[in-house]
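A short worksheet on the structure shown next.
The values are calculated or read from the model by the stated rules, or taken from the named source; none is laboratory data. Quick caveat, the model's predicted, so the values are computed rather than measured. Counting neighbours? That spans all protein chains shown, and the Cβs are built from the backbone with ideal geometry, glycine included. The accessibility values were calculated without ligands, DNA or RNA, using every heavy atom of the protein model including side chains. Shrake-Rupley method; radii C 1.70, N 1.55, O 1.52, S 1.80 Å.
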Amino acid sequence: MRVSRYEAITRELTPSARKVFDCVPVQEAWTPFRISAELKRQGTPKDRRLNDGCLAALVRDSLVTHDTLKDTYQRIEPKVSAPVLELVTKEEVVNAK
């Protein structure tokens, strides 16, 4: 997913989905229980069904991956496109010297 699409989707998240999204880590995969515990630690306890619905929406929008065997969720990092390099001709290099 490109950065521009990633930012567009995250801008349109509901406040509840945004809080759940912020609790899903990029580095490791967490279970729904651990995500709920993190929400509770931050002072925004949510109903388990609401968290499951937010996680399902985040998976549908391709912002989070879901491993069904382990029942874990992990946030996706957007792909940064490589910068376009300009080709320099030999004449420009000789003229520069």
message = Give me a comma-separated list of calculated 3J(HN,Hα) values for region 13-28, in order, Karplus coefficients 6.51, -1.76, 1.60 applied at θ = phi - 60°, integers in Hz, x for any Gly or Pro.
response = 5, 6, x, 5, 5, 5, 5, 5, 4, 5, 8, 7, x, 8, 6, 9
inquiry  = What aspartates and glutamates does residue 79 reach when the alpha-carbon gap must be under 19 Å and sequence neighbours fewer than 8 apart in one chain are set aside?
reply    = 7, 22, 28, 61
remark   = Put 77, 28, 12, 38 in order of accessible area, largest first, probe 1.4 Å, and you get 12, 77, 28, 38
request  = Using a 1.4 angstrom probe, figure out how much accessible area region 1-55 has per residue, in square angstrom, rounded to the nearest whole.
outcome  = 65
message = Using only the Cα atoms of region 5-55, what semi-axes does the equivalent ellipsoid have when each is the square root of 5 times a gyration tensor eigenvalue? Give whole Å, largest first.
response = 18, 13, 10
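Find out how many positive minus negative residues lie around residue 42, taking Lys and Arg as positive, Asp and Glu as negative, among other residues whose Cβ is under 15 Å from that of residue 42.
+4
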ask   = Counting only residues 5 or more places away or on other chains, whose amide H sits under 5 Å from the amide H of residue 72 once H atoms are built in the peptide plane?
value = 67
